[in-house]
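Visitor: Got a structure for you, written out below as structure tokens; questions coming shortly.
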Amino acid sequence: MRYLLIISSIFLFWFLNSPSVQAIPETPSAKIADAGKITSATSKKFPDDASGSKSLASKLLRMEKYKEIEEAIHYYISTTSRNINGEWNVVYFFKGLTNVSSKSSIEKFKQSESRLDAWIGSETKSKHAKIAKALMLDAYAWKARGGGYSNTVSKEGWALFRNRLLEANELLKESRSLSNPMWFYVQQKMATGLSMPKSDYYALIQEAAKLYPDFDQIYTTAAWFLLPRWHGEVGEWQRYRDEVVSNAVNDSRKDELYFLISRTALRFEGISKFKEQNVNWKKYQSGSEARDVSFPSQLSQFQLCLMASISNDRNSAKRYFLREPESRTYKSSSWEKYTFKSVDQWRSWALEGKSWTEAKEDLLSLAKKGLSASQYELGTALFYRNKSKNMEEALAWLRKAADQGHLLAKLRIETFNGLTKMPFVPVISGWDITSGNMNLVKSKLKAGGDPNVMVFPHVSALHWACDKGQLEIVWLLLTSGAEPNKLNGGNLTPLDLVLNPNKQGLSPLQRMSAKSQNEIKKLLELHSGKRSVELRSKLPKKSSSKD
């Protein structure tokens, strides 16, 4: 009963404060119009990958570089920059601004809230800041609620869940912006917890799709909302998918949207239940292929191979077993879970008892006869089998297919050419730091390595360098933008590790000299590094509720 009262009050609040009845905001005239103003020099400042864009956002907010944040958001929106999975980087930039998830610690949320409040209170008067805080509050609300069934949530958990979502909703009303797709994305995410009326939700996503038809998160987030476990009726997400597909501008986009929406739903309903979920195997396969030529995915090959096996589609299963990576063969546990047969049994069935090499030779003979479909399949199979070894040969066969007008081959060539031109970004490892290899760390940072990289789970490079007393590496990381007050898995800052025993109970002087300890301490303090207890004491206290 208490749960129903809380949900009812949220529903009433939403109805009375629906965005659809608020004042009309500014027009989206500058949404994409300024894209031509982005220069090559500007684009080099902004990473085009998920990790890089998140790290950049976190760093800029920590340093209170608000104008640079605005510039980055403009870049990511106007260029529709995407990462290797095809997701818009602006989503990950905003995730970097919040720097939290529902699994983050309370201290991490409070730190995020403090930084976002400082941005909101700055002279920029940025709407983006309020959107970012609303995104943070959505995660904070689910932190209080937890991921269990409603009857497992405490009275206090429901109260915090409700209050944080209502605060986020107020921020979105104040920051409504047609020029930022993230406003729609955050509103959609909050709609699940706020139990947004269905009519308002459909109006929201229709407006979003009209303004940003290529923003895939609109459609995938809607699929989540419309699942029967949340606010949809049986068959509703499928009807939504089919309507979206029918409104798409071309066949390739229709196929891609069918795949994206169906894939999102199957992640929660179960990939083996695609038939019961009214997912047409051939349409799904066609959409996945259309997506894959631009955003190659080994995971998609695995899923397609499994679905082909479940469908007893031997020809398709053969295609995807030929794309099986040489170094990371498909896990048998998935096949056993869904089909009660091992992957070896399915592989033998698909390849008709032949080895991969023998099946590849059969495909090669067809490709040599000039069949463009076989040339395309061979080139794609060689790429996925071992792209570092086979890239040149894969491209050669794809070019033969493209010369005969094979559209997917042409698109794959464009993608593969882009991959070969992408600079290799080295990653700093724990051993680089443990061994004290200052020159190697320096060269990796110079080549674009991330100074905030996690060298172990919940352990940043700076944490590890401070733990090991590597003075020169600490200096390199800090001067390259490493965050001095990042918390590790034990909620400790790098300065904590310099002044106190580490996880193994070793004192600082057992891990470094007194001189190194003193110099590292000075360096951290010079870059505003603090102990965790100091960070907690400076967080704003709220007496109205407990965390």
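The values are calculated or read from the model by the stated rules, or taken from the named source; none is laboratory data. The model shown is predicted, which means the values in this text are computed figures rather than measured ones. Using ideal geometry, Cβ is built from the backbone for each residue, glycine included, and neighbour counts are taken over all protein chains shown.
Visitor: Out of the range 398-420, which residues are of a type in the set (D, E, K, R) and under 32 Å from the mean Cα position of the chain (by Cα)?
Guide: Across the range 398-420, the qualifying residues are Lys410, Arg412, Glu414.
Visitor: Moving to a separate point now. Any residue at all in the range 445-457 that is in a helix (DSSP H, G or I) and not assigned by TED's automatic domain parsing to the domain that holds Arg162?
Guide: yes
Visitor: Need a quick list: helices (runs of 4 or more DSSP H) entirely within the range 102-183 having at least 2 residues that are farther than 23 Å from Tyr66 by Cα and free of Cβ contacts under 8 Å to residues at least 40 places away in the same chain.
Guide: So the answer is 155-174.
Visitor: Just the residues that are assigned to a loop (DSSP other than H, G, I, E, B) and hydroxyl-bearing (Ser, Thr, Tyr), please, taken from the range 308-366.
Guide: Residues satisfying the conditions are Ser311, Ser327, Thr329, Tyr330, Ser342, Ser355.
Visitor: Identify, by number, the condition in (1) more than 20 Å from Lys341 (Cβ to Cβ); (2) without any contact (Cβ under 8 Å) to a residue 12 or more places away in the chain that Val279 doesn't meet.
Guide: For Val279, the failing item is (2).
Visitor: Let me spell it out: the conditions are (1) surrounded by 19 or more Cβ atoms within 10 Å (Cβ to Cβ); (2) out of contact with any Pro (no Cβ under 9 Å at 6 or more places or on another chain), and Lys446 meets all of them except one. Which number is the exception?
Guide: (1)
Visitor: While we're looking at this one, here's another question. Quick one: how many residues across the range 220-243 are under 23 Å from the mean Cα position of the chain (by Cα) and more than 23 Å from Gly147 (Cα to Cα)?
Guide: Residues flagged as under 23 Å from the mean Cα position of the chain (by Cα) and more than 23 Å from Gly147 (Cα to Cα) within the range 220-243 amount to 1.
Visitor: Could you list all residues from the range 184-200 that are in contact with a His (Cβ under 9 Å, 6 or more places away or on another chain) and over 19 Å from Trp142 (Cα atoms)?
Guide: Within the range 184-200, just Lys198 meets the criteria.
Visitor: Among the hydroxyl-bearing types (Ser, Thr, Tyr) and on the phi > 0 side of the Ramachandran plot - does that describe any residue in the range 221-230?
Guide: no
Visitor: Looking at the range 231-245 only, could you name the residues that are on the phi < 0 side of the Ramachandran plot and not hydrophobic (A, V, I, L, M, F, W, C)?
Guide: Across the range 231-245, the qualifying residues are His231, Gly232, Glu233, Glu236, Gln238, Arg239, Tyr240, Arg241, Asp242, Glu243.
Visitor: Filter the range 57-67 down to residues that are without any contact (Cβ under 8 Å) to a residue 60 or more places away in the chain and surrounded by 16 or more Cβ atoms within 10 Å (Cβ to Cβ), then give me how many there are.
Guide: 3
Visitor: Can you find even one residue in the range 316-323 that is surrounded by fewer than 22 Cβ atoms within 10 Å (Cβ to Cβ), within 30 Å of Glu358 (Cβ to Cβ) and without any contact (Cβ under 8 Å) to a residue 40 or more places away in the chain?
Guide: Checking the range 316-323: at least one residue is surrounded by fewer than 22 Cβ atoms within 10 Å (Cβ to Cβ), within 30 Å of Glu358 (Cβ to Cβ) and without any contact (Cβ under 8 Å) to a residue 40 or more places away in the chain.
Visitor: Same structure again: Could you run through the range 78-98 and say how many residues are buried (at least 18 other Cβ atoms within 10 Å of the Cβ) and closer than 26 Å to Ser297 by Cα?
Guide: 14
Visitor: A further question on this structure: So which residues in the range 454-472 are modelled with pLDDT under 90 and either touching a strand residue (DSSP E or B) at 6+ places or on another chain (Cβ under 7 Å) or within 13 Å of Ser55 (Cβ to Cβ) (or both)?
Guide: Passing the criteria: only Met454.
Visitor: Looking for whichever is aliphatic (A, V, I, L, M), crowded, with 19+ Cβ neighbours inside 10 Å and out of contact with any Pro (no Cβ under 6 Å at 6 or more places or on another chain) here; the options are Leu497, Leu506, Leu526. Which one fits?
Guide: Leu497
Visitor: Which condition number does Glu483 fail, the rest of (1) modelled with pLDDT of 90 or more; (2) farther than 17 Å from Asn452 by Cα being met?
Guide: The number of the failed condition is (2).
Visitor: Here is a follow-up. Only one of (1) touching a residue at least 60 places away in the same chain (Cβ under 8 Å); (2) in contact with a His (Cβ under 9 Å, 6 or more places away or on another chain) fails for Asn491. Which number is that?
Guide: For Asn491, the exception is condition (2).
Visitor: To continue, here is another question. Let me spell it out: the conditions are (1) within 28 Å of Leu506 (Cα to Cα); (2) buried (at least 16 other Cβ atoms within 10 Å of the Cβ), and Ser435 meets all of them except one. Which number is the exception?
Guide: Checking Ser435 against (1) within 28 Å of Leu506 (Cα to Cα); (2) buried (at least 16 other Cβ atoms within 10 Å of the Cβ), the one that fails is (2).
Visitor: Separate question: Determine the pairs where a residue that is of a type in the set (S, T, N, Q), located within the range 508-528, has a partner that is in a helix (DSSP H, G or I) with Cβ atoms under 7 Å apart, the partner being 6 or more residues away or on another chain.
Guide: Hits for this filter: Ser516/Leu471; Gln517/Val498; Gln517/Pro508; Gln517/Leu509.
Visitor: How many residues are surrounded by 23 or more Cβ atoms within 10 Å (Cβ to Cβ) and of a type outside the set (Gly, Ala, Ser) if we restrict to the range 453-475?
Guide: 8
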